[in-house]
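This report concerns only the one structure given below.
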Amino acid sequence: MKLERFSSKEDLYTRAVDIIVNAKNDGATTFGLATGGTMEPLYAKICETDADFTNCMSFNLDEYVGLSAKHEQSYAYYMYKHLFHHKPFKESHLPNGLADNPTEEAARYESLLQQYPLDFQLLGIGQNGHIGFNEPGTSFDSLTHLVTLEESTRQANARFFDSVDEVPTEAYTMGIQSIIRAKCILLIAVGEAKRTVLERVLASEYTEAVPASVLTKHPNVIILTDLQKEENEQ
Ligand code: GLP
């Protein structure tokens, strides 16, 4: 894993855009995309570039169960609003939060991912170490599946809804195996709330109790953070 620390968020997001645009210019055509507050400034900056993704495909990490693509808090809507509206891709895929049969929907999405292996995967990180919606304890061998969200994850995401009661209790997510098949992974961890979990990942723990720690064994991971080393750290 390669770690880059930034004292300015502006510089961090400029670097993130460079990494993504360089990957595209180097031939990446399949991009795994993420949502969350962390990604909003990134997508805003990508929209300011003249990068053209119309020959690329995107696959989002996850989607809430029960929300339609028109629901303002669905990840389909988020992606349209923050990125696709301004930077269309040739094809953009997300799990369908309204699918009738969760098992079939997870299998459909996983088979798409296997058909179009990801050249590049963008990741945020949850305060409990989740990637996508793979909560602590998820098998590192997991494929796309339906998850029950942890209460702490629903609380953390409640800020995007009118109240925590409106945050769905379930979601579809790429599995951890689905994520780490990507050739190159960029993880962005911004803000004090991510310090403890980032330290655990950087300490090279490799444990299903911290889903993001799977990245320690991936050959091509870049982590960008605005968190500086604490004074007592080496
Ligand atoms: C959400 C998403 C993750 C995201 C994480 C962090 O639950 N499912 O993909 O990385 O939480 O979100 P934020 O960037 O808002 O802190």
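The values are calculated or read from the model by the stated rules, or taken from the named source; none is laboratory data. Remember, it's a predicted structure, so these values are computed and weren't measured experimentally. Reconstructed Cβ throughout: ideal geometry from the backbone, glycine too, with neighbour counts over all protein chains shown. The protein model used for the area step is the full one, side chains on, heavy atoms only, and it has no ligands, DNA or RNA in it. Shrake-Rupley method; radii C 1.70, N 1.55, O 1.52, S 1.80 Å.
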What do you reckon, is T54 closer than 24 Å to Y172 by Cα and hydroxyl-bearing (S, T, Y)? no
Any chance the range 56-75 includes a residue that's β-branched (V, I, T) and either touching a Ser or Thr at 6+ places or on another chain (Cβ under 6 Å) or away from the ligand (no atom under 14 Å from the Cβ) (or both)? no
Does the range 54-97 hold any residues that are in a strand (DSSP E or B), more than 20 Å from A44 (Cβ to Cβ) and open to solvent by less than 60 Å² (accessible area, probe 1.4 Å), and which are they? M57, F59, D62, E63, Y64, H93
Inter-residue pairs, beta-carbon under 7 Å, first in contact (Cβ under 8 Å) with a residue 40 or more places away in the chain and in the range 35-49, second of a type in the set (G, A, S), 6+ apart: G36/G124; T38/G124; M39/G124; L42/A16
Can you tell me which residues in the range 110-145 are closer than 18 Å to C184 by Cα, in a strand (DSSP E or B) and near the ligand (Cβ under 10 Å from one of its atoms)? L122, L123, I131
Residues within the range 22-40 that are more than 10 Å from the ligand (Cβ to nearest atom) and open to solvent by 50 Å² or more (accessible area, probe 1.4 Å), tallied: 4
Unique match (being small (G, A, S) and within 13 Å of the ligand (Cβ to nearest atom)) among A203, A182, A209, A189: A189
